[in-house]
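The values are calculated or read from the model by the stated rules, or taken from the named source; none is laboratory data. Everything quoted here is computed from the prediction, not taken from an experiment. Note that each Cβ is placed from the backbone with ideal geometry, even for glycine, and that neighbours are counted across all protein chains shown. SASA here: full protein model, heavy atoms, side chains in, ligands and nucleic acids out. Shrake-Rupley method; radii C 1.70, N 1.55, O 1.52, S 1.80 Å.
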Amino acid sequence: MNPTLLLDLGNTRLKWALLDGDTWRETGACRHEDIATWVAAMRARLPATIRCFGVNVAHDRLARELERQLGSIHWLVAQAQSCGVTNGYDEPERLGADRWAALIAAHHLHRGAALVVCCGTATTVDWLDADGFFRGGLILPGLTTMRASLAHATARLPFATGDVRLPPTNTHDAIASGCLLAQVGAIEHYYRVMEGPACGAMALLSGGDADIIAGHLAIPARTVDNLVLRGLAVVAAASARPNPSHDAREHTP
């Protein structure tokens, strides 16, 4: 099987992984402004034949530039059903491709019901039944986005660099604590609403702020590195089978 390059083109960074069959050879990340440098370095050592699978929630021009430099990329698009996951969105194709990939990964990593939480520029909180049915989810600003919004929208509040303390006794700690508890509160409330305790669901957290958020949750939770890329790996493996049942669909941004 040819090596596979996985691309998670997010709001602020490109995350990537290079697979050789089922073996993860390398992973990494770079900022949008460093993509050209990263591509130049990767092209110098990539094999002549490589399969590329990606998720894009950033500007389409970045996706087109990656295609120009790397060749054809299979950009994941949410579907009604794929890789054992059924999409319960009103309009399945409008579900973010990153959320779709994370749900696919969660279904293949965890046997029971799961609350799939991706903690980046935005925080997404998605409920997945044990049988792979996605019932819907939340989108809220991520930790850094919350802090930045207070700094931009108010005259006297800073971009907080404080610590999480209860009770907070200074402005920086008050902002840091409030933003963190807003994330925790949304996740735990949704877990209860979806009857997580009754079905023994596990929260699976991924992304840059996953560790700090997971550390404050009072529900069963664990962190998983590169959940979106892991979902892409499942899709890539399915597409290599002799008769994949629309497990991947090429999309040009």
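Odds and ends about this structure:
- Qualifying residue in the range 104-115 (condition: in a strand (DSSP E or B) and either within 19 Å of Tyr89 (Cβ to Cβ) or not aliphatic (A, V, I, L, M) (or both)): yes
- Given (1) touching a helix residue (DSSP H, G or I) at 6+ places or on another chain (Cβ under 8 Å); (2) open to solvent by 40 Å² or more (accessible area, probe 1.4 Å); (3) under 19 Å from Ala186 (Cα atoms); (4) part of a helix (DSSP H, G or I), index of the condition Leu138 fails: (4)
- Sole exception among (1) at pLDDT below 95; (2) closer than 14 Å to Gly142 by Cα for Ile187, by number: (1)
- Close pairs (7 angstrom Cβ cut-off, 6 or more residues apart or separate chains): in contact (Cβ under 8 Å) with a residue 24 or more places away in the chain and farther than 15 Å from Ala201 by Cα in the range 86-114, among the charged types (D, E, K, R) and buried (at least 24 other Cβ atoms within 10 Å of the Cβ) anywhere: Asp98/Asp8; Arg99/Asp126
- Residues of the range 153-209 satisfying the condition of being within 30 Å of Ala106 (Cβ to Cβ), touching a Pro at 6+ places or on another chain (Cβ under 6 Å) and either open to solvent by 50 Å² or more (accessible area, probe 1.4 Å) or of a type in the set (A, V, I, L, M) (or both): Met202
- Some residue of the range 237-246 being closer than 22 Å to Arg135 by Cβ, modelled with pLDDT of 95 or more and of a type outside the set (Ser, Thr, Tyr): no
- Extreme residue, most open to solvent (accessible area, probe 1.4 Å), among residues of the range 67-95 that are among the small types (Gly, Ala, Ser) and within 12 Å of Val235 (Cα to Cα): Gly84
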